[in-house]
Structure formats: C-alpha cells, structure tokens
Amino acid sequence: QVQLVESGGGLVQSGGSLRLSCAASGSIFSINAMGWFRQAPGNQRDLVAGITRGGSTNYADSVKGRFTISRDNAKNTVYLQMNSLKPEDTAVYYCYAHGPSGSWGQGTQVTVSS
C-alpha cells in the first residue's frame, strides 16, 4: 500500500501563490502516476493536474498556465505550485497515487479570499 501525506494548504489572497506537497511512502514502486484533485463544497472531486512516472503532465483547463505539477523522485514527493490564485480555486486539495490500488491523501484546505 501507498501512504500519502499532504501539506502546504492555507489562506491566501486572490492573486497569491501556494505550494502543495505530497510525500509518498510504502509501496512507491507500484505508483504509475500521481495527481492532485480538488473538491469544493457541494461539488464533485475533479482532477487538477497529473504527472506520470515518465514525467508527462496534464492539467485541467481552468488551471493551465497558473498551476505546475512537479516531482522530486529522491524525496518521493510531488508538488503543486499554484500561482495567480482565484477565489474559485478554493477547495480541499487531495493527492492521489495511481497504481494497482489507488491511494488518497487526507486532503489540505486551500482558501483564496477576494
């Protein structure tokens, strides 16, 4: 199994930046790809950004040009750099590891004030 621990959420003003981190442990060799999802109250959980083992990335249209997903293999950590944040980015952000069995982190709150 894979364990994921997220950090880096918080309160920021519109236009500000935050960086989320997701540290993986356990059966990390089984991870094919990792991603960040977010869920606002009353909404479904949607993919924000993903990165494959080979380094390919993909983004939701709403965050393209503002968010960047990256990873540090030596630290088994994936990052989500979020710039030019908007109030509509407010949500709980979850890290996800895709493999034989998917794993979710506990979530970290991101709040963007107008």
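In the chain, the DSSP beta bridges split such that about 90 percent are antiparallel, to the nearest 5. In the distance distribution for the stretch 42-114, Cα-Cα pairs more than 18 Å apart total 43 percent.
In the assembled protein chains, S70 presents an accessible area of approximately 50 Å² (probe radius 1.4 Å).
Relative contact order for the chain: 38 percent, from Cα pairs under 8 Å spaced at least 6 residues apart, divided by residue count.
Computed over all pairs of different Cα atoms, the Kirkwood value for the hydrodynamic radius of the stretch 1-75 is 13.9 Å.
The magnitude of the dipole of the stretch 20-114, with charges of +1 and -1 set on the Cβ of Lys/Arg and Asp/Glu and taken from the Cα centre, is near 140 debye. Dipole of the chain computed with +1 at Lys/Arg Cβ and -1 at Asp/Glu Cβ about the Cα centre; of L47, L11, A23, farthest Cα towards the positive end is A23.
The values are calculated or read from the model by the stated rules, or taken from the named source; none is laboratory data. Because the structure is predicted, anything quoted here is derived from the model rather than measured. Ideal geometry is used to build each Cβ from the backbone, glycine not excepted, and the neighbour counts take in all protein chains shown. Please note that ligands, DNA and RNA were not included when accessible areas were found on the heavy atoms of the full protein model with its side chains. Shrake-Rupley method; radii C 1.70, N 1.55, O 1.52, S 1.80 Å.
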